[in-house]
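Taken together, the values in this text are just the output of simple stated rules run on the coordinates, not laboratory data. Keep in mind the model is a prediction, meaning the values are calculated, not measured. Virtual Cβ from ideal backbone geometry, glycine too; neighbours counted across all protein chains shown.
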Amino acid sequence: MFRIPKHILVPMIVACALFMENMDSTVIATSLPTIARDLHEDPIALKLALTSYLLSLAVFIPISGWMADRFGSRTVFRSAICVFMAGSILCALSGSLVGFVAARFVQGMGGAMMVPVGRLVVLRSTTKAEMVRALSYLTIPALIGPVIGPPLGGFISTYFHWRWIFFINIPISIIGLVMAGRHIENLRDEFVQPLDWSGFLLSALGLSALMLGLATAGRHLVSLPVALAGIVAGVLLVSAYVWTARSKLHPLLNLGLLQIPTFRIGVVAGFFFRIGIGAIPFLLPLFLQLGFGLSSFESGLLTCASAVGALFMKTMAARILQRFGFRRVLIWNTVVAAASLMLIGVFTSHTPHALITVVLLIGGCFRSLQFTSLNALAYADIERPQMSQATSLASVVQQLAAGMGVTVGAFALQGSGFLQGHASVVAADFPPAFIVIALVSLSSLIWLRTLVRNAGAAISGHGRPLEE
């Protein structure tokens, strides 16, 4: 009987779970207007469903590694699948905005554990000789999920019912549970550092209050005074975490890493660039559906072009960085990527779909190059013992930026409509919103311009001859 080698089987099991998580995070975007109609809510209010998911990732990612070390990677990985599946079921059964937002938060808890713990499972289950091939399997869901997600979500919402978007996770989850139970070892560390519980509580409560306060400040879900109180409480709690973390030997998030110039610039500049880009999954489907009257499926077919462009750029990013270096690529590419965001606002209902597809595909290429470059720059001068802490901090910032992007995009859209005197969202509200998010991404130049010319040269290979 044919047996799949373990160094291939384990990454494939993890990749299936990661594919489900990656696809689910994009599949909902094209279905937001449909879900809003069914729940009798303003489509802009559904920003909370995206924000709560991303917030949950930011809150629970930092403790995922500790949990795997403490309770075993297989136990935590299977538990994460169960939580994700439970969140999916709750999403499918939700009948109100409050219930849907809460269900997405639960789903994010599972996703926060699946991604880093799944990667840890692969790293601990393969030899160094097999590691490159094993890790290559994990890139598949990250690249393919965003391509399949938008049209799949649009197809289900248009021709079936949006609730099936979440029900399809159930059989995949069950298969993952069975396969993980049979083929993944329950590896754990013998000596586990104590978890910074006070830091976790301060950061979790602070980030939750701050992000949800900002997201609900548009008078969705709670009143404005309650939202403002959440923002103030969030700022105070996050400030308290920053103050107390400085004196801890093993803080939840090691903010001292920000003293490393390349890491600081990669993370901070990446935060502002990702805010602008993070608004796209929210604004673009609304623009195409509410502004142009396209169906969810038609919208999904167009929006996936950005993911196709990102997939294409992955094959070229390394050579571009080697040829031009981090500083030049990041500065010029920021300008081009921001311009591509403004260009989306020029679309009208008469713009040929072929032209929209080309613009989104090319824009996806430049945004992918920026993400790849920022990620690589952040780790350019990080020593191996610091890699885990750096990954946790960078991951939290990335999820917060994506959540902030949705919030900023929603505020820009609402502000545009208010200034133009529109009672409901119309196509004319979107161009100013895209200009706003493009300017936010462009503001990352403030930090990128401080890069030294040879920054990250050791990993980009800039200055060395190109390989034939």
Check: Say each of residue 198 and residue 258 gets a label point 7 Å from the Cα, pointing the same way as Cα to Cβ; how far apart are those two points in nm?
Finding: 2.0 nm
Item checked: Nitroxide proxy distance, nm - points 7 Å out along Cα→Cβ at residue 420 and residue 182 -> 5.6 nm
Check: Roughly what percent of Cα-Cα pairs across segment 160-242 reach past 14 Å?
Finding: 75 percent
Next item on the list: Provide the net charge surrounding residue 367, with neighbours chosen by a C-beta distance below 13 Å and charges set as Lys +1, Arg +1, Asp -1, Glu -1.
Entry: +2
Next item on the list: Just name one of 263, 346, 398: the one whose Cα is farthest towards the positive end of the charge dipole of segment 253-468 (beta-carbon charges, Lys/Arg +1, Asp/Glu -1).
Entry: 263
Next item on the list: Could you rank the peptides 411-421, 50-60 by their average count of other C-beta atoms within 10 Å per residue, with the highest value first?
Entry: 50-60, 411-421
Notebook entry, point to check: Dividing the alpha-carbon Rg of segment 255-294 by 2.2 N^0.38 Å yields what?
Noted result: 1.83
Notebook entry, point to check: Hey, what's the Kirkwood Rh for segment 220-292 if you take every pair of different alpha carbons, in angstrom?
Noted result: 15.8 Å
Next item on the list: For segment 359-440, just run the numbers: alpha carbon Rg, then divide by 2.2 N^0.38 Å, N being how many residues it has.
Entry: 1.48
Next item on the list: State which helices in the chain qualify, where a helix is a whole DSSP H run, it must extend 15 Å or more along its own axis by its Cα atoms, and its mean Kyte-Doolittle hydropathy must be at least 1.6.
Entry: 224-245, 430-442
Notebook entry, point to check: What translational D, rounded to a whole number of µm²/s, comes out for segment 253-468 from Stokes-Einstein when the hydrodynamic radius is the Kirkwood one over Cα pairs, at 4 °C and 1.567 mPa s?
Noted result: 72 µm²/s
Margin query: Ranking request for peptides 319-328, 93-102: highest mean number of other beta-carbon atoms within 10 Å first, then the rest in descending order.
Written below: 319-328, 93-102
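Sort 357-364, 302-309 by the packing proxy (mean of other Cβ within 10 Å over each peptide's residues), most packed first.
302-309, 357-364
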Check: How many nm is it between the label spots at residue 336 and residue 37, if each spot is 7 Å from the Cα in line with the beta carbon?
Finding: 3.9 nm
Note to self: Tell me the mean residue ellipticity at 222 nm calculated for the chain from its helices only (DSSP H runs of n ≥ 4, each -39500 (n - 2.57), averaged over every residue, nearest 500).
What the structure shows: -25000 deg cm²/dmol
Notebook entry, point to check: On average, how much area does the Cα convex hull of segment 314-385 cover when viewed from any direction, in nm²?
Noted result: 5.9 nm²
Checklist line | Footprinting exposure proxy for 185, 21 (fewest neighbouring C-beta atoms within 10 Å first) | finding: 185, 21
Next item on the list: Stick to the Cα atoms of the chain, pair each with every other, and give me the Kirkwood hydrodynamic radius in Å at one decimal.
Entry: 22.7 Å
